[in-house]
């Protein structure tokens, strides 16, 4: 499930807090960002946003930062279920541009894969701010590999969906009916066998080209040596310039 997040701008607008005020609260440890993008841009989860709203309400009632800190230390702040389950771990996530840079493709390609349903961000804000966990770097490289193997995006989407189903089955074997689970597992095995067959064809083709290129490289070096040693080459070299 994608986690709802807020950019700093969205937090300021929706919570009705000034940037200087939020910075002051962060300075006194009343609030902190839940993580940052690869570019160092902070983001806040729903739990952090709810906390900011609660602090703002206390400020509106006339409490100062020190008093609020004592309240938080003594009795805490009201928390939603999501906030209660939040584990305050600061992690770095990748923006669309950061993910694209890590795998050597364009942000447009990342967005296209997302539109096709091949990948999905781990976090998304209402304003369209999207973040990806680090594991997507490896998965996106696999997508590039499948494209190299001649797979269309529609075929990759099917494979991606099956991988997700397998992960779901590993997590909870009862997520699908026994018949549906058997069908998905059989389809995945068939896809794996087909990919192995295609990879073997690629390996054979690579071996043929490696053998051919090695021979041609030797022939070209031999021809270069013969051309450099030929009397014609020396006569042209020694010919006086006009």
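Here, each number is a calculation from the coordinates, and none is a lab measurement. Values in this document were obtained by computation on a predicted structure and should not be read as measured data. No Cβ is skipped: glycine too gets one built from the backbone with ideal geometry, and neighbour counts run over all protein chains shown.
Remark: 171, 21 ranked as 171, 21, counting other beta-carbon atoms within 10 Å and listing the fewest first. Sequence-distant contacts, meaning Cα pairs under 8 Å at least 6 residues apart, place the relative contact order of the chain at 16 percent. Using a Förster distance of 30 Å, how high is the FRET efficiency between residue 57 and residue 9, based on the Cβ-Cβ distance and rounded to 0.05? Calculated transfer efficiency: 0.90. Neighbour counts of other Cβ atoms within 10 Å put 209, 136 in the fewest-to-most order 209, 136. For the chain, modelled as a GNM whose springs connect Cα atoms under 10 angstrom apart, the maximal fluctuation among 199, 188, 123 occurs at 199.
With both labels modelled 7 Å from their Cα along Cα-to-Cβ, the residue 193 to residue 106 distance reads 3.9 nm.
Each DSSP beta bridge with both residues in the chain is either parallel or antiparallel, and the antiparallel ones are about 60%. A convex hull fitted to the Cα coordinates of the stretch 81-212 yields 157 cubic angstrom per residue. Restricting the calculation to Cα atoms, the chain shows an Rg/Rh of 1.26 when the hydrodynamic-style radius is the Kirkwood one.
Compute the FRET efficiency between residue 183 and residue 152 as 1/(1 + (r/R0)^6), taking r as their Cβ-Cβ distance and R0 = 22 Å, and round to the nearest 0.05. Taking R0 as 22 Å, the efficiency between residue 183 and residue 152 is 0.45.
Here the gap between residue 164 and residue 46, fully extended at 0.36 nm per residue and compared with their Cα-Cα distance, gives a gain of 39.9 nm. Rg/Rh for the stretch 151-242 stands at 1.54; both radii use Cα atoms, and Rh follows the Kirkwood definition.
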